[in-house]
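In what follows, a structure is listed as structure tokens, so that the remarks can point back to it.
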Amino acid sequence: MGEEDWFLGDEAQHKRGELSLQYPISRATVTNWANMEKIWHHSFYQVLRVALRQHPLMVTEPPLNTMSNKEKMSQILFETFNVPALYLANLGVLSLYASGQTSELVTSTAVMNPERTRSPRALTLPALPYLPSLWIFVSQRHFI
């Protein structure tokens, strides 16, 4: 294996003993944009096999995503992948829409272990009258 070789998904898991694994996302924030771009490329072209020029893209984002992260993500998706349109959707807002509500209290916990990552589970509760749209996100990482 050369220094520039990289593997994603199942292939990376099978070579786990030979590789040093890198995680481009830490605490819901992208920390390595070059590796994130490789993951997107693999996902779009190898797994989904879509022509992104023909499909608008919606990407979920964490509730406290910084403007610089939004700008960098948009720049890569528009310039590298040529998406015609992009929508960055807040996870809490999507949870509300999925439950058919527009005003609730949302809590979220993410569970991650070395073998697989599960999607965050969101719990929605009726909003308090004085807090019509409050979202609370609690991220927990469990390694088993």
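Inspect all residues belonging to segment 51-72 and state whether any of them is β-branched (Val, Ile, Thr), more than 28 Å from Thr107 (Cβ to Cβ) and not in a helix (DSSP H, G or I). Let's see the steps before the verdict.
Quick first cut of segment 51-72, residues β-branched (Val, Ile, Thr) only: 59-60, 66.
So of that shortlist, the ones also more than 28 Å from Thr107 (Cβ to Cβ) come out as none.
Within segment 51-72, not a single residue is β-branched (Val, Ile, Thr), more than 28 Å from Thr107 (Cβ to Cβ) and not in a helix (DSSP H, G or I).
Enumerate the pairs (first residue in segment 24-43 and free of Cβ contacts under 8 Å to residues at least 60 places away in the same chain; second residue anywhere and in a helix (DSSP H, G or I) and charged (D, E, K, R)) with beta-carbon separation below 7 Å, excluding pairs fewer than 6 apart on the same chain, so at least 6 apart or on different chains.
Trp33/Lys72
For segment 1-20, how many residues meet the condition of being loosely packed, with under 11 Cβ neighbours inside 10 Å and under 24 Å from Thr60 (Cα atoms)?
Of all residues in segment 1-20, those loosely packed, with under 11 Cβ neighbours inside 10 Å come to 1-5, 10, 17-18, 20.
So of that shortlist, the ones also under 24 Å from Thr60 (Cα atoms) come out as 10.
Counting residues in segment 1-20 that are loosely packed, with under 11 Cβ neighbours inside 10 Å and under 24 Å from Thr60 (Cα atoms) gives 1.
May I ask you to verify whether Arg121 is surrounded by fewer than 11 Cβ atoms within 10 Å (Cβ to Cβ), of a type in the set (D, E, K, R) and either at pLDDT 50 or above or within 18 Å of the chain's Cα centre (by Cα) (or both)?
For Arg121, the condition - surrounded by fewer than 11 Cβ atoms within 10 Å (Cβ to Cβ), of a type in the set (D, E, K, R) and either at pLDDT 50 or above or within 18 Å of the chain's Cα centre (by Cα) (or both) - is not met.
I need the full set of residues from segment 67-85 which are surrounded by fewer than 12 Cβ atoms within 10 Å (Cβ to Cβ) and of a type in the set (S, T, N, Q), in order please. Outline the logic, then answer.
First, pick out the residues of segment 67-85 that are surrounded by fewer than 12 Cβ atoms within 10 Å (Cβ to Cβ): 67-68, 71, 75, 79, 82, 84-85.
Of everything in segment 67-85, those that are surrounded by fewer than 12 Cβ atoms within 10 Å (Cβ to Cβ) and of a type in the set (S, T, N, Q) turn out to be Ser68, Gln75, Asn82.
Could you list all residues from segment 45-59 that are buried (at least 16 other Cβ atoms within 10 Å of the Cβ) and modelled with pLDDT under 90?
Residues of segment 45-59 buried (at least 16 other Cβ atoms within 10 Å of the Cβ): 52, 57.
Listed by number, the list holds a single entry, Leu52.
The values are calculated or read from the model by the stated rules, or taken from the named source; none is laboratory data. This is a predicted model, so every value here is computed, not measured. Glycine gets a Cβ as well: all are built from the backbone with ideal geometry, and neighbour counts include every protein chain shown.
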